[in-house]
Amino acid sequence: MPREMVTIQVGQCGNQIGCRFWELALREHLSSPEKSRMATSTSSQEYDDAMSSFFANDPPDEDHLYEGWKKTMIGQLRARAILVDMEESVVDRLQRMPQIGNLFNNQMRLTDVSGSGNNWAHGFMEYGSKYQEQFLDRVRLSVEECSSIQSFFMMHSLGGGTGSGFGSKILESLEDSFPKITRFACSVFPNDDDDVITSPYNALLSANKLIEHADCVFPVDNQALIDICNHIDSHKKKSQRSTGFRSSSRMRRQDQQSVTGPDQQSSGDTYHKMNGIAANMLLDLTASVRFEGTLNMDLSELPMNVVPYQRMHFLSCGLAPLFPPQQTLDISRNPGSQRALADMDKSFGSAHSSPVNQLMRSPVPAKSSTYLASAILTRGEGIRVADLERNVKKLQSQVNMVYWNTEGFKVSMCSRPPVNMPYSILSVSNNCCFRHTLSAMHTKFNRLYKAKAYVQHYEDYGMSRTDFDEACNNVLGVVSEYATLEGKTHPPANPKRRLKPVGLNFVPEY
Amino acid sequence: MTSSVVSLQVGQCGIQLGTSLLETIAGEEMNLGSEGGLSDTFFRQQRLVASDSYSIKGVIQKTHPRSVLVDMEPKVIASTVRSSGNESPLFTFDPRSCFAKQSGSGNNWARGYFEYGSQYGDDILDKVRREVEKCDMFRGFLVMQSLAGGTGSGLGARLAQLLKDDFQSSFLLNHCVWPYESGEVIVQNYNTLLTLSHLHDCSDGIIVTENETLLQTCKRRLDIARPTFDDLNKVAAKGLASVLLPAERQSVDPYDFGGGGGGVEQNLLGDLVEHLCSHPAFKMLTLKSAPQVQTKALDFTEFKWTTILKWLRQMLIVSSSLDETLDWGVKIDSGSSINRVHCKSMGNFLVLRGRGAFDADVTTFADKALYPSWASDPLRVMCSKESFLKHEMFATVVSNSQASIVPMRKVLDKAYNMFDEKAYVHHYERCGLSHKDMEYAFANIEDIIAKYESL
């Protein structure tokens with residue numbers, strides 16, 4: 001049985017991403033190749049190992065005997081998730097959703113009625129102390145159901161009050177109560193044109209807590225997601241125009257499969273698509289844990305490989321291909337085709353460093369900045385170890401790596417491709433250019449803080465000025481840590497003294 | 001009666017390579033047509049409860065290999081046990097000899113060594129002891145692991161120490177897979193150093209196989225454009241299997257009446273360790289084989305012992321593991337060759353398989369200049385007239401030589417760079433490996449390199 005992950009979705013944004021995530025996760029697990037032969041309804045399917053990392057199962061009364069092996073069939077599936085929001089509407093809507101609604105029950109839900117009013121302090125201080133124990137009880141309940149829990153995955157946004165404030169509290173209390181379980185956070189960073197006036201405060205205060213208490217943070221940016229959606233739309237239009245009128249309806253159906261997931265609602269619903277991209281990133285990230293592959297990667301290997309220093313754990317993600325390649329360019333169907341191979345090689349490059357494919361915009365192009373470490377996670381049988389090796393070597397020569405980590409690529413291969421895609425490549429990289437995002441955040445924070453605007457709303461909930469100053473210094477500390485590593489692509493001229501033999505004995509000299 | 005070897009396969013790489021090795025050995029032994037099924041060395045004998053008349057001659061019963069599989073995640077072991085039950089007609093793994101846990105080592109050497117080593121060490125050792133008790137005559141251990149990951153390297157090193165503590169009179173041979181230079185795991189340099197340093201303290205011999213070499217062999221010699229891991233494992237298994245199958249000792253020195261002619265030895269491994277690892281400071285072994293030819297081209301290729309041995313010798317001297325693009329400029333007698341110094345060996349263990357192996361001229365390998373001046377009887381030759389894996393002739397040399405200096409130095413340099421900046425150190429410290437411990441590993445490797453350089 002693979003290791004389990006417990007997902008914690010906090011606030012409106014976190015729950016909306018979560019909603020999309022569960023929809024796609026369910027689709028991925030129910031549409032596996034060997035299962036497609038059987039009926040597609042949940043009732044007659046087997047509950048397999050891969051499924052158990054996301055879903056708990058209450059099996060039906062009778063155990064089915066199948067091919068001599070006792071298999072557990074799917075009874076009532078439950079998501080390993082905890083839904084937290086300080087208002088009810090989003091969680092209510094989620095629980096009423098047709099397909100995924102009954103994945104959740106009231107035991108996993110923690111809600112209040114009044115909301116956090118876009119105030120970090122309200123979420124962190126007041127709700128934090130009020131609901132901490134209730135929250136931990138719910139976590140313990142779901143952890144007890146796991147045979148070997150591996151990680152917590154939190155989805156939240158940094159701009160509002162609940163996701164940022166209560167989310168910070170959650171990370172803190174999880175570290176206290178479960179120090180050995182890895183904590184991942186998928187954090188939506190606020191836009192430049194954010195409509196929440198206090199979002200600079202909220203973002204910086206939660207960034208401070210993310211630095212302290214998370215193991216890895218996957219930053220996601222709304223604008224970047226919108227850009228990806230537009231890119232996919234323009235591709236669709238182009239392919240519709242290029243194909244003749246008669247075949248266009250077939251083409252359209254095929255093209256609607258992209259990283260945004262299937263469009264059930266009207267195509268104008270951009271948020272729906274954007275959340276789909278974030279959800280797909282999470283699925284690709286965890287694929288190697290759930291499914292078999294020739295080079296498995298455990299999620300706990302990710303921080304081990306791409307976080308060289310404890311506080312610098314902000315990992316930008318890139319996805320490619322964004323939509324399935326044409327049939328002739330599909331490497332799994334034409335393994336010998338040179339054009340298909342070239343197309344795949346291109347996907348490696350764009351997942352790693354093309355700005356369009358990144359889930360987080362960067363003020364400075366990532367390619368011109370120094371990489372600390374990267375990971376390439378592939379899905380699909382079309383990609384072989386030799387392809388991986390060739391492309392990683394190419395990437396190593398193209399980007400600036402920090403001098404002590406010139407080969408800094410972690411790779412993993414999972415055999416199972418994503419639904420409706422022949423293969424996918426997810427690149428996760430730790431780049432020095434993230435400091436620009438943090439310092440931009442600080443600039444916006446300072447603009448308000450210089451005038452001490454809105455500070456009294458935070459002080460009402462028991463925060464002091466020193467809390468603001470500390471958070472500010474902490475974030476600036478990480479910015480300067482990143483800055484010192486920027487550009488260190490060559491070893492220093494006079495390296496440190498080495499251990500040298502003294503006769504046949506070796507004594508450390510420093 | 002033949003002596004037996006218990007193999008321990010640790011981590012994803014160790015399990016996959018070990019399975020490939022056992023399949024090769026089993027396949028070869030069946031080809032040789034031994035009637036009693038698979039030999040005692042690597043496989044348990046079937047004990048028939050009913051009288052012998054029930055077993056029909058020629059029907060092969062599935063036996064269990066004498067091996068213990070250890071991994072910290074279940075997927076690899078599950079699929080290995082499953083596929084050995086279905087596909088391999090010769091043996092199945094005993095599920096009771098498998099040890100899998102859920103959590104994974106996360107590429108962290110310290111977690112494998114400290115956390116899982118102390119948590120599960122006793123349980124795993126129990127399984128090993130059970131396996132040892134099943135042997136009529138137990139000789140030693142073969143531990144297969146990779147150096148890059150967390151389970152094979154960390155837990156593997158700890159298990160090797162525990163084995164040495166418990167079985168002091170048996171030999172302990174480690175087979176380690178050296179990671180790609182371009183890297184599959186970012187912290188592989190740390191992991192490699194820590195593992196080698198610990199193994200060197202407890203093991204009798206460490207055979208090192210480089211992934212890079214295997215890949216190049218597949219690409220250039222076997223014409224596989226995009227090799228898979230399976231292909232790499234097969235190449236590695238082929239080399240190792242040629243050393244492990246039975247052979248007969250041949251005397252090198254015509255006046256030496258003591259050695260040679262002792263009949264066919266079933267288990268070469270004990271001999272190999274005894275012969276090559278006689279000095280506690282020199283334990284790094286490398287393995288080179290020739291010829292590497294595609295299976296389908298074998299029928300059209302003609303081999304001669306003189307050419308094969310000439311290739312092999314040159315591979316040994318220039319320390320290349322690939323039998324092409326050799327630097328023929330390096331010669332032993334031309335003492336004046338500038339900058340190109342040949343690679344010296346502590347000792348060599350030469351295995352020849354195929355027609356006319358006993359008549360092959362191996363005197364070039366006995367050249368005094370290959371060895372340090374103080375080495376006595378540095379060469380041992382084993383021969384077998386049976387062909388190996390459809391190769392008419394196949395030669396392998398395991399040598400305790402300076403060849404391992406270059407890769408070790410590379411890894412050391414990269415690890416120094418990282419260590420100077422204290423990158424990734426906090427992951428290790430969190431699991432109980434202190435800064436001093438890491439320094440000790442660095443010093444230990446420097447020590448090994450310096451000693452090999454002094455040959």
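Between A:Asn446 and A:Ser114, what is the label-point separation in nm under the 7 Å Cα-to-beta-carbon projection?
It works out to 3.6 nm between the two label points.
If I require 18 Å or longer along the helix axis, counting alpha carbons, and a Kyte-Doolittle average no lower than -1.0, what helices from chain A are left? Use full DSSP H segments.
On the way: long enough: A:11-30 (28 Å, -0.32); A:128-144 (24 Å, -0.88); A:199-213 (21 Å, -0.17); A:222-242 (30 Å, -1.16); A:270-290 (30 Å, 0.16); A:338-353 (23 Å, -0.69); A:385-398 (20 Å, -0.91); A:434-450 (24 Å, -0.78); A:465-485 (31 Å, -0.01).
Span-like helices here: A:11-30, A:128-144, A:199-213, A:270-290, A:338-353, A:385-398, A:434-450, A:465-485.
Distance from the Cα centre of region B:207-222 to that of region B:70-130, in angstrom?
Spelled out, the Cα-based centre of one part sits 26 Å from the other.
Report the longest stretch of chain B that contains none of the chymotrypsin sites (Phe, Trp or Tyr not before Pro) sitting in a DSSP loop with at most 10 other Cβ atoms within 10 Å.
Between the exposed loop sites, the longest stretch runs B:1-254.
May I ask for log10 I(q)/I(0) of the protein assembly as shown at q = 0.04, 0.05 Å⁻¹, from a Debye sum over the Cα atoms as equal point scatterers with solvent left out?
-0.21, -0.33
Whose amide H sits under 5 Å from the amide H of A:Glu46, counting only residues 5 or more places off or on another chain, with H placed in the peptide plane?
The list, which skips near neighbours in sequence, is A:Ile74.
Apply the Karplus parameterisation 6.51 cos²θ - 1.76 cosθ + 1.60, with θ equal to phi minus 60°, to every residue of region B:343-353 and state each ³J(HN,Hα) to the nearest whole Hz, in sequence, with x for glycine and proline.
8, 8, 10, 6, x, 10, 10, 9, 10, 10, 10
Scan around B:Phe138 for amide H atoms under 5 Å from its own, H built in the peptide plane at 1.01 Å from N, and keep only partners 5 or more places away or cross-chain.
Long-range HN contacts for B:Phe138: B:Ser4.
Counting only other chains, what is the mean number of Cβ atoms within 10 angstrom of the Cβ of each residue in peptide A:485-491?
Details: counts 2, 0, 0, 1, 0, 0, 4.
Per-residue shielding by partner chains comes out at 1.
Ordered by residue, what ³J(HN,Hα) values in Hz, to whole numbers, does region A:149-161 give under the Karplus form 6.51 cos²θ - 1.76 cosθ + 1.60, where θ = phi - 60° and Gly and Pro are x?
5, 10, 8, 9, 10, 9, 10, 7, 10, 9, x, x, x
Loop-only trypsin sites (Lys or Arg not before Pro) in region A:106-203, please: DSSP not H, G, I, E or B, and at most 14 other Cβ atoms within 10 Å.
Sparse-neighbourhood loop trypsin sites (Lys or Arg not before Pro): A:Lys180.
Report the full-extension gain for the segment B:Ser454 to B:Phe358: residue separation times 0.36 nm, less the Cα-Cα distance, to one decimal in nm.
31.1 nm
Once you order the gyration tensor axes a ≥ b ≥ c over the Cα atoms, which shape class does chain A get: rounded for a/c under 1.5, otherwise prolate or oblate by comparing a/b with b/c?
In terms of gyration-tensor shape, rounded.
Would you mind ranking B:His427, B:His200 by Cβ crowding within 10 Å, fewest neighbours first? Kindly include the intermediate steps, with their values, before the conclusion.
Working: B:His427 23, B:His200 20.
Listing B:His427, B:His200 from fewest to most nearby Cβ atoms yields B:His200, B:His427.
Among the lysines, which fall within straight-line cross-link reach of B:Lys127, defined as a Cα-Cα distance under 16 Å, with same-chain neighbours fewer than 8 residues apart omitted?
The reachable lysines, counting only those whose Cα sits under 16 Å from B:Lys127, are B:Lys101, B:Lys164.
Counting only other chains, and only Cβ atoms inside 10 Å, what mean value do you get across the residues of A:385-391?
5
If we sort A:214-221, A:433-440 on the protection proxy, mean other Cβ atoms within 10 Å, highest first, what's the order?
Taking the mean over residues of other Cβ atoms within 10 Å, the ranking is A:214-221, A:433-440.
Grab the DSSP H runs of the protein assembly as shown that are 4 residues or longer, score each as -39,500 (n - 2.57), total them, divide by all residues and round the 222 nm result to the nearest 500 deg cm²/dmol.
-12000 deg cm²/dmol
Pairs of alpha-carbon atoms within less than 8 angstrom and 6+ residues apart define the contacts here; what relative contact order does chain A have, in percent?
15
Rounded to whole Hz and in sequence order, give me ³J(HN,Hα) for region A:361-369 from the Karplus expression 6.51 cos²θ - 1.76 cosθ + 1.60, θ = phi - 60°, writing x for Gly and Pro.
6, 10, x, 10, x, 4, 5, 7, 9
I'd like the mean, over residues of B:174-183, of how many other protein chain beta carbons sit within 10 Å of each residue's own Cβ.
3
Roughly what would the spin-label model give for A:Arg93 and A:Val364, points 7 Å off Cα along C-beta, in nm?
Result for the modelled spin labels: 3.9 nm.
Over chain B, how many percent of alpha carbon pairs lie in each 10 Å bin up to the one with the longest distance?
Answer for chain B: a P(r) of 4, 21, 32, 27, 13, 3, 0, 0 percent.
Would you mind calculating the relative contact order of chain B from Cα pairs under 8 angstrom and at least 6 residues apart, reporting the percent as a whole number?
About 15 percent, as a whole number.
Could you check the spin-label model distance between B:Ala100 and A:Asp49? Points 7 Å from the Cα along Cα→Cβ, value in nm.
0.3
Students often get this wrong, so check it: of A:Lys236/A:Lys346; A:Lys346/B:Lys296; A:Lys394/B:Lys410; A:Lys393/B:Lys288; B:Lys283/B:Lys410, which have C-alpha atoms separated by over 23 Å?
A:Lys346/B:Lys296; A:Lys393/B:Lys288
Readers should treat all values here as calculations from the given coordinates under stated rules, not as data from a laboratory. In this text, all values refer to a predicted model and were calculated from it rather than measured experimentally. Here the Cβ is made from the backbone with ideal geometry for all residues, glycine too, and neighbour counts use every protein chain on show.
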